[in-house]
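S.K.: Below is a structure I'd like to ask you about.
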Amino acid sequence: MTTTTNRTMTLEEYLNYDDGTDTRYELVDGTLVDMGAESDINVVIGSLLFSVFLQFAPYYCLRRGTEIAVSGTAANTRYPDFMVVTEAGAAALAGKKRSLITFEMPAPVLVVEVVSSSDTNQQSRDRDYIDKRQEYVQRGIPEYWIIDPVEAVIFVLTRVDGEYQEQRFTGDEWLVSPGFSELKLSAVQVLGAGL
């Protein structure tokens, strides 16, 4: 992940930005950050979750490649690996030029981030464990999962009184999702996806 400009942008400027490439950017504190290509494990885990969550939500409420605007010291957007949006959220996105959940739209009910296996430096890991955790709780997202294939652990964070409470799952432990109580998925099933 590399920063591509020193100039701070507003969310509006970011939404209108086009550098003529297919580069995928996040806006972090008003600065464009090149997200690079997704690793295969991120793609496979996202695909697994999409297929599993079809049991609980219609396909148009399951999102990969959709951005979400979040609060920070300046304008921020994130590209979660997987999201579940409400029917109202899906309706708000329908027909939009850009698949971006703005502040005026309902927050997703679940956001999932897969910690990249190539992200071994602490700054990159802190992005998912600290920065996004704070951004998503402030955005009002009731459930946030951090899937870490390197550490072989999944954290399910649930928003209670404006803060996240976390549960840790490893190995054959069944994930407990307050928003999806019928879910039957173990940590090893998710972490071993594609192997």
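S.K.: Does the range 14-21 contain at least one residue that is closer than 22 Å to ILE146 by Cα, in contact with a strand residue (DSSP E or B) (Cβ under 8 Å, 6 or more places away or on another chain) and part of a helix (DSSP H, G or I)?
M.R.: no
S.K.: For MET9, are the conditions met, namely being of a type outside the set (Asp, Glu), touching a Leu at 6+ places or on another chain (Cβ under 8 Å) and either in a loop (DSSP other than H, G, I, E, B) or surrounded by fewer than 12 Cβ atoms within 10 Å (Cβ to Cβ) (or both)?
M.R.: In short, yes.
S.K.: Here is a follow-up. Hey, among the residues in the range 165-189 that are aromatic (Phe, Trp, Tyr) and surrounded by 14 or more Cβ atoms within 10 Å (Cβ to Cβ), which one's nearest to ALA107 (Cα to Cα)?
M.R.: Per the criteria, the residue is PHE180.
S.K.: A further question on this structure: Given (1) more than 17 Å from the chain's Cα centre (by Cα); (2) within 19 Å of PHE56 (Cα to Cα); (3) without any contact (Cβ under 8 Å) to a residue 24 or more places away in the chain, identify the lone condition not met by GLN165.
M.R.: (2)
S.K.: Only one of GLY162, GLY140, GLY192 is within 21 Å of THR66 (Cβ to Cβ) and surrounded by fewer than 18 Cβ atoms within 10 Å (Cβ to Cβ); which?
M.R.: Checking each option against the conditions leaves just GLY140.
S.K.: May I pose another question? Of all the helices (runs of 4 or more DSSP H) wholly in the range 39-149, which have at least 1 residues that are modelled with pLDDT under 95 and among the basic types (Lys, Arg)?
M.R.: Here the list reads 122-126, 132-138.
The values are calculated or read from the model by the stated rules, or taken from the named source; none is laboratory data. Note that the structure is a prediction, hence the values are computed from the model and not measured. FYI the Cβ positions are ideal-geometry reconstructions off the backbone, even for glycines, and counts take in every protein chain you see.
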